[in-house]
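> Here it is, the structure, as structure tokens.
The values are calculated or read from the model by the stated rules, or taken from the named source; none is laboratory data. Not measured: the values here are computed from a predicted model. Here the Cβ positions follow ideal geometry from the backbone for every residue, glycine too, while neighbour counts run over all protein chains shown. These area figures cover heavy atoms from the full protein model, side chains too; ligands, DNA and RNA do not enter into them. Shrake-Rupley method; radii C 1.70, N 1.55, O 1.52, S 1.80 Å.
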Amino acid sequence: MDFRNAKELLALCSSEGKTISRIMIDREMYLGNVTEEYIVDRMKASLHIMRDSVHTPLSNPVKSMGGLIGGEGKKALEYDGAAKNLCGSTLTKAMAYALSVLEVNGSMGLIVAAPTAGSSGVVPGSLIAIAEDYKLNDNMLIDGLLNAGAIGYILTWNASVSGAEAGCQAEVGAASAMAASAIVELFGGSPEASLSAASMALSNLLGLVCDPIAGLVEAPCQSRNAIGVANAFSAAQLAMSGISHLVPFDEMAAAMYSVGKALPFELRETALGGNAATPTGCSLCGNCK
């Protein structure tokens, strides 16, 4: 029941007549020699942490250790009732949730790396907001997390989820692909549509650099999590409408990794380029010259 890439995953979904999340459970049971109950319990624990991290800063905003972010999640959610809310209620909530998770991470709180700390807001922000607005129960949410986990596993095995290795496209881009795939399954889409959404989401953020101001996982990391959410929503909706991404997911993963390796080291989490190298970015870091 193991798979190493999207092609093998889709073949298993087809031969077994199962969803991506179900194949992921079967894989974990087979390789880990554990029960389904054990897997679900572990995912419930992760979901509990995710819920805390999206909600806590909304009532009790927290300042990050570096002082660059704090309170943005609450501000974003309060704008939900504005007359000119261009994004709509669910997307606004999802972005606010994503911002909140980065506040928790930046203040040394407990988060779930999904797949990394710097991109930890995208998956919970997207899935929890959708679950709340579309009345999805926890069992469905766990399926979404398992689906997202399958995408993250494929990227970890065949490419990268490290900003230091391949830029922010490998962190927020990967998280956005994970969320997009999960959303499609949650709304009843096929495994093929899930992988198409994931490929599209990854393509949309191809080349995104990692340039943390002052070397901290705060800015522009936080706002990029909101972009990851919006990208996941749009990719999922396009895939569900029957619009396929021309490049298969495995090829897109390879392309992302190739682009990441080609990025200069200044744009791979060193805080020597991009936002971090601007006059303002440097002024926020006493060690920048």
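> Can you send over the carbon and sulfur percentage of the accessible area for region 139-289, probe radius 1.4 Å, protein chains only?
That share works out to 60 percent.
> What whole number of Å gives the distance from the Cα centroid of region 142-159 to the Cα centroid of region 42-98?
Between the Cα centre of region 42-98 and that of region 142-159, the gap is 23 Å.
> Just check region 47-171 against the gyration tensor rule for me: Cα atoms, a ≥ b ≥ c as the square roots of the eigenvalues, rounded for a/c under 1.5, and otherwise prolate or oblate depending on whether a/b exceeds b/c.
Here region 47-171 falls in the oblate category.
> Would you calculate the separation in nanometres between label points at Ser15 and Ala164, each defined as 7 Å from the Cα along the Cα-to-beta-carbon direction?
For the pair Ser15/Ala164, the computed spacing is 3.8 nm.
> Once you sort the root eigenvalues of the Cα gyration tensor of region 54-113 as a ≥ b ≥ c, which label holds: rounded (a/c under 1.5), prolate (a/b larger than b/c) or oblate (the other case)?
Prolate, because a/c is 1.5 or more and a/b exceeds b/c.
> Among Glu171, Glu165, what's the order by accessible area (1.4 angstrom probe), most exposed first?
Reading off the accessible areas and sorting them downward yields Glu165, Glu171.
> Now a separate question. Would you be so kind as to identify which of Gly106, Met95, Ala214 lies farthest towards the positive end of the dipole of the chain, taking Lys and Arg as +1 and Asp and Glu as -1 on Cβ and the Cα centre as origin?
Ala214
> Could you compute the FRET efficiency for Asp2 and Ser223, with r as their C-beta to C-beta distance and R0 at 35 Å, rounded to 0.05?
That gives a FRET efficiency of 0.40.
> I want to check a number: in the chain, how many lysine pairs have alpha carbons closer than 24 Å, given a sequence separation of 8 or more or different chains?
Count of close lysine pairs: 16.
> So, R0 is 45 Å and r is the distance between the beta-carbons of Leu272 and Asn33; what FRET efficiency does that work out to, to 0.05?
After rounding, the FRET efficiency stands at 0.50.
> Which FRET efficiency, nearest 0.05, do Leu86 and Lys135 yield, Cβ-Cβ r, R0 25 Å?
0.50
> For region 202-289, rounded, prolate or oblate, judged on the Cα gyration tensor with a ≥ b ≥ c (square roots of eigenvalues), a/c < 1.5 rounded, else prolate if a/b > b/c?
Oblate, since a/c reaches 1.5 and b/c is not below a/b.
> Report the gain in length on full extension from Cys282 to Phe265: 0.36 nm times residue separation, minus Cα-Cα distance, nm rounded to one decimal.
Residue separation times 0.36 nm, minus the Cα-Cα distance, leaves 4.4 nm.
> Okay, next question. So, for region 163-270, what is the accessible surface per residue at a probe of 1.4 Å, expressed in square angstrom?
34 Å²
> Another one. Return the carbon/sulfur percentage of the accessible area of region 1-133, one whole number, probe 1.4 Å, all protein chains in place.
Within region 1-133, the accessible surface is 54 percent carbon and sulfur.
> Report the extension gain between Glu192 and Leu110 in nm, rounded to one decimal, defined as 0.36 nm multiplied by the number of residues separating them, less their alpha carbon distance.
Additional length available on full extension: 26.1 nm.
> Given a 1.4 Å probe and heavy atoms of the protein chains only, how would you sort Asp26, Asp250, largest accessible area at the top?
Asp250, Asp26
> Okay, moving on. Quick one: putting +1 on the C-beta of Lys and Arg, -1 on the C-beta of Asp and Glu, what dipole do you get for the chain around its Cα centre, in Debye to the nearest 20?
Around 560 debye, computed over the chain.
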